[in-house]
1. Work from the charge dipole of the range 1-118 (Cβ charges, +1 for Lys and Arg, -1 for Asp and Glu, about the Cα centre) and give the residue of 103, 65, 6 farthest towards its positive end.
2. Scan the chain and report its longest stretch carrying no chymotrypsin sites (Phe, Trp or Tyr not before Pro) that are both in a DSSP loop and have at most 16 other Cβ atoms within 10 Å.
3. Longer than 26 Å from Cα to Cα, which of 10/150; 19/96; 38/150; 38/108; 75/140 are they? Say none if no pair is.
4. With a point put 7 Å past each Cα toward its Cβ, work out how far residue 134 is from residue 49 in nm, to one decimal.
5. Find how many whole Å separate the alpha carbon centroid of the range 52-94 from the alpha carbon centroid of the range 10-37.
6. What is the fewest-to-most order of 82, 98 by other Cβ atoms lying within 10 Å of their Cβ?
7. Please compute the contact order of the chain in relative form: average sequence separation of alpha-carbon pairs under 8 Å and at least six residues apart, divided by the residue count, as a percent.
8. Just check the range 1-46 against the gyration tensor rule for me: Cα atoms, a ≥ b ≥ c as the square roots of the eigenvalues, rounded for a/c under 1.5, and otherwise prolate or oblate depending on whether a/b exceeds b/c.
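Where a number appears in this text, it was derived from the coordinates with a stated rule and is not lab data. Predicted model, so just to flag it, every value in this text is computed and none were measured. Counting neighbours? That spans all protein chains shown, and the Cβs are built from the backbone with ideal geometry, glycine included.
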Amino acid sequence: MKVLLVFHTKTGHTLEAAKAIEEGIRYAGHSINVIPVKECDPKHLEEYETIIFGTPTWFSGACGPIKSFLHKIPKGLLENKVCSAYAVMGGSGGHKAVEEIGIMTSEKGCIDFIHGPVIQAGGFMSMWKGYAVNRSDLIKCREYGAEIVK
């Protein structure tokens with residue numbers, strides 16, 4: 001199974017979680033490409049069976065760069081694909097961010113959305129780097145990675 005993980009990070013915490021998810025997927029024997037959203041073109045999505053979106057939580061929702069990317073995806077491009085999302089939050093709103101991505105991917109044709117983990121890390125509103133992703137959340141991310149490719 002080919003997996004793409006598209007993420008945005010300001011402080012590095014969303015990337016920390018992405019690396020743990022990547023480890024889980026590779027351990028399960030599948031290939032994955034991890035790409036910052038600013039380097040990803042929606043056309044890249046055609047090549048993958050599973051697409052994971054990683055977002056920091058901004059104002060109790062998904063971050064602007066991920067939402068902008070999702071808006072650029074042509075309708076129908078996500079048909080027959082598994083989509084998922086995880087969120088990293090310094091305060092609250094992570095579950096809402098993941099649900100928001102779920103709605104946006106369904107508008108693009110995805111009918112198989114998996115709610116990924118919500119990780120507590122960083123500082124409120126990313127005003128400072130804050131604390132790193134803790135060990136138990138990194139384990140949760142690895143397990144999520146291995147599970148999503150089953």
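1. Looking along the dipole axis, the top candidate is 65.
2. So the longest stretch without any such site is 60-127.
3. Over 26 Å apart, Cα to Cα: 10/150; 38/150; 75/140.
4. 3.5
5. If you average the Cα positions of each part, the centres end up 15 Å apart.
6. The order, fewest Cβ neighbours first, is 82, 98.
7. Taking the mean separation of contacting Cα pairs over the length of the chain, I get 28 percent.
8. Judged from the Cα gyration tensor, the range 1-46 comes out oblate (a/c at least 1.5, b/c at or above a/b).
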